[in-house]
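What follows is a short report on a single structure.
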Amino acid sequence: MAASIQNSLKVALRKRMKQLLSCITPEARQQQSQAVTAKVLQNEAFRQAQRVSIYLSTSDELDTTAIICEMFRLEKLVFVPSYQGSKMKMVRLRDMNEYENLPLTKWNIKQPDFKEAREDAMTNGHGIDLFIVPGVAFTRNGDRLGHGMGYYDKYLAQHADKYPHKKTIIMALALNEQIVGSEELPMDDHDVRLQFVVTENS
């Protein structure tokens, strides 16, 4: 019974967030994206990380393009998600030119072809130092509400099993409007918690 109540709370919060995010102007989103980008680039966990996984943002999310560009300039190894059905893997991008030429999915998101041969973080023997993850809503304490497919929760658990000795950091980038109180965001046992939630206001 408790699980179904939690799920209905999550469904309601996703719906509310979708409406809220659709009202944010492109100018406000761009302003927040610039402020968050500056904070990420100053973050010690980001500066120390050599192998970084980052999501490729949609028009409703904070824009991650400037961070990706800076990662290539800093010669970090950049890994991005590629999806097929219920599976997600993290594959390496070589440079900004490759990023610019990625194909678009039916949801209009840039994504490497799942079948293309690329370095894979789960099989390269090194894994990821820092995950920069997307989400729908977050708390200041590091709770995260995903889009409901469980891609990241499953992947992060598998990554921890594969690389048990790695001190991997998990960070989220959030618009101010995506921060909610702990009582609004129920967490399940399998939900991954974050070390950093970076916003314009924090």
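General remarks:
- The region of the chain that goes longest without hitting one of the trypsin sites (Lys or Arg not before Pro) in a DSSP loop, each with at most 15 other Cβ atoms within 10 Å, is 1-93.
- Most mobile listed residue (Ser57, Ser82, Ser33) in the chain, GNM with C-alpha springs under 10 Å: Ser57
- Paramagnetic reach from Lys162 in region 114-141 [backbone N under 12 Å; point 7 Å along Cα→Cβ]: 119-129
- The fraction of accessible area contributed by carbon and sulfur in region 77-202 is 49 percent, rounded to a whole number (1.4 Å probe; ligands and nucleic acids excluded).
- What region 110-202 shows is 48 Å² of accessible area per residue, with the surface traced by a 1.4 Å probe over protein heavy atoms.
The values are calculated or read from the model by the stated rules, or taken from the named source; none is laboratory data. Keep in mind it's a predicted model, so treat the numbers as computed, not measured. FYI the Cβ positions are ideal-geometry reconstructions off the backbone, even for glycines, and counts take in every protein chain you see. Just the protein is used for accessible areas: all its heavy atoms, side chains included, with ligands, DNA and RNA removed. Shrake-Rupley method; radii C 1.70, N 1.55, O 1.52, S 1.80 Å.
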